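Let me begin by handing over the structure; questions about it come next.
The values are calculated or read from the model by the stated rules, or taken from the named source; none is laboratory data. Worth saying up front: this structure is predicted, and the values here are computed from it rather than measured. Positions of Cβ are backbone-derived with ideal geometry, glycine not excepted, and every protein chain shown enters the neighbour counts. The accessibility values were calculated without ligands, DNA or RNA, using every heavy atom of the protein model including side chains. Shrake-Rupley method; radii C 1.70, N 1.55, O 1.52, S 1.80 Å.
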Amino acid sequence: MRRVAITGLGVISAVGTGTSAFFQALLSARSGIRAVDIPFPTGPESVLAGSIDFDPDPHFPRARLLTMDRVSQFALVAGREAMAQAGLSAEPGALPSGLAPERFGVSLGTGSGGAGSTEAAYTALLEQKVARLRPMTVVLAMNNAIAAHVSMEFGLKGPSSTVSNACASSATSIGEAFRQIRHGYADAMLAGGSEALLNRGTIKAWQAMHTLAKPHAGGAETSCRPFSVDRTGLVLAEGAAMLVLEEWESAKRRGANILAELCGYASTTDAHHLTQPDAQGQARAMTLALEDAKLQTSDIGYLNAHGTATDVGDVVETNAIKLAFQDLAARLPISSSKGVHGHAMGAAGAMEFIASVMTLRAGQLPPTAFLENPDPRCDLDYVPLTPRDAKGLRAVMSNSFAFGGSNAVLIAKSA
């Protein structure tokens, strides 16, 4: 089976655009979460969110924006950064010799696709009483529009897939792209996820589940507190994260700078409950990913936890890590970055896997922000408050667990 190199990374998130700004925010525990005023029909409300101040005009011609939802715009911004870092031209059809566009695919994850365009259509229809919707409504809203825009941007004609596994969407999309290359169906893949769901309907739906964080006395930016005894829930966020994956020998032949090796992936289903996670299912995903990577638990030097800051989720993940790592769990450095960038849902797995790859390369562990008083039930080493040096890391793991019992785990090791 063929090895898979990671040669490019790209991120747009609540803490900034670009992987450097993203990782520095994680290391300094600088939160991008804030209170945002949302004009609901019943009156304005202040809502906690990891929202992005984003002006699309510098990035795209006005005519093109008529066909692009915010979620596709995010994916292209992150994709351009990843392709540039990989040393690949942004011009369609301008791939280097040895990388045929027919062998270069796209794999995207999203939870809600063009949710903003869907809401805009219903607003026009039900509130403004329009007789006709915009002609591009369907293609703005459809989930696979993201992959379509990415493929057209770079002229990629290989395999294309769109994964919608809620919070595990983009981790699954990366894992499936990994398998496309490993098993010879593609030589390169642009993989990741995008989400832009901060609209009235989505926010109200999440409020109804009573899983969203309440404002913390320390300020809105401190309100997402994974593994903390005073955590009150997750914070919805938006953004995108993209990776260039290539067959190892092909990447070496063209002189690519290989950032890390994607070596393990597993996907499992709890078959347990729509909203309640299961430690056994999560542990099985971690164990299978290790087997896929041909690594032992002792080889993992850092784990980026799913860590959403929900009462049940953080405890179940703690127990799952104990099941998977057994006696080594107590010595394993773990952190959740969601306290900084929020929960980007379908983009979260890709965002956090990029954080893991950057941790591997930098030899610095990003902390779990605002973890001043750990929950006694979450009694592992969650790297509280401040970064930690970790030179000589060999391999890292990233967990993504979703409603519906969908679990995806990725492992990267040093190049």
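Under 16 Å from the Cα of LYS322, which aspartates and glutamates turn up, not counting those fewer than eight places away in the same chain?
The reachable aspartates and glutamates, counting only those whose Cα sits under 16 Å from LYS322, are ASP278, ASP299, ASP314, ASP375, ASP379, ASP381.
In deg cm²/dmol, rounded to 500, what helix-only [θ] at 222 nm does the chain give when every DSSP H run of at least 4 residues adds -39500 (n - 2.57) and the total is split over its residues?
It comes out at -9500 deg cm²/dmol, rounded to the nearest 500.
Something else about it: How large a share of the accessible area of segment 120-271, in percent, is made up of carbon and sulfur atoms when the probe is 1.4 Å and the other protein chains stay in place? Spell out each step's value before the answer.
Working: 3340 of 6020 Å².
Percent of accessible area from carbon and sulfur atoms in segment 120-271: 56.
With a probe of 1.4 Å, find how much accessible area segment 343-415 has per residue, and write the answer as a whole number in Å².
That works out to 31 Å² for each residue.
Taking a 1.4 Å probe, which of MET68, MET209 shows the most accessible area, and what order do the others take after it?
MET209, MET68
Now a separate question. For all pairs of alpha-carbon atoms in segment 322-382, what percent lies in each bin of width 10 Å, listed from the first bin to the last filled one?
19, 45, 35, 1
What does the C-alpha gyration tensor say about the overall shape of segment 1-129? Classify as rounded when a/c is under 1.5, otherwise prolate if a/b is larger than b/c, or oblate.
oblate
Ordering TYR185, TYR382 from largest to smallest accessible area (1.4 angstrom probe), what's the sequence?
Values: TYR185 150, TYR382 5 Å².
Putting TYR185, TYR382 in descending order of accessible area: TYR185, TYR382.
Within 14 Å, Cβ to Cβ, of ARG361, how many net charges do the neighbouring residues add up to if Lys/Arg are +1 and Asp/Glu are -1? Before the final figure, lay out the partial values.
Working: positive: LYS391, ARG394, LYS413; negative: GLU261, ASP389.
Neighbour charge sum, excluding ARG361 itself: +1.
Okay, next question. Convert each backbone phi in segment 48-64 into a coupling constant with the Karplus relation 6.51 cos²θ - 1.76 cosθ + 1.60 (shift: θ = phi - 60°), then list the ³J(HN,Hα) values in order as whole Hz, x for Gly and Pro.
Working through the residues one at a time gives 6, 7, x, 8, 10, 7, 10, 10, x, 4, x, 9, 9, x, 4, 4, 5 Hz.
How much of LEU88 can a 1.4 Å solvent probe reach, expressed as accessible area in Å² and rounded to 10?
Its accessible surface works out to 10 Å², give or take rounding.
Let me ask another. Please compute the length gained on full extension between LEU133 and THR275, using 0.36 nm multiplied by the number of residues separating them and subtracting their Cα-Cα distance.
Extending this stretch completely gives an extra 47.7 nm.
Moving to a separate point now. For segment 264-413, what proportion of DSSP beta bridges, expressed in % and rounded to the nearest 5, is antiparallel?
Of all bridge pairs located within segment 264-413, approximately 70 percent are antiparallel.
Which of the helices in the chain meet the span-like rule: DSSP H, Cα axial reach of 15 Å or more, Kyte-Doolittle mean at least 0.0?
Sorted by number, the helices that extend far enough and score high enough are 70-85, 311-325, 348-362.
Now a separate question. For LYS214, give me every one of the lysines with a C-alpha distance below 25 angstrom, ignoring sequence neighbours fewer than eight places off in its own chain.
Reachable lysines: LYS204, LYS338.
Right, another one. At 1.4 Å probe radius, can you tell me the per residue accessible area of segment 4-260 in Å²?
39
So which lysines can LYS294 reach, going by Cα to Cα under 17 Å and dropping same-chain residues fewer than 8 places off?
Hits, sequence-local ones excluded: LYS413.
Of the trypsin sites (Lys or Arg not before Pro) in segment 361-415, which ones lie in a loop per DSSP and count no more than 11 other C-beta atoms within 10 Å?
The qualifying sites are LYS391.
Given a Förster distance of 30 Å, report the FRET efficiency between HIS183 and SER89 from their Cβ-Cβ distance, rounded to the nearest 0.05.
FRET efficiency, HIS183 to SER89: 0.65.
Next question, about the same structure. From the square roots a ≥ b ≥ c of the eigenvalues of the alpha-carbon gyration tensor of segment 264-413, which class results: rounded (a/c under 1.5), prolate (a/b over b/c), or oblate? List each step's numbers first, then the result.
Values: a/c = 1.39, a/b = 1.13, b/c = 1.23.
It comes out rounded by the Cα gyration axes.
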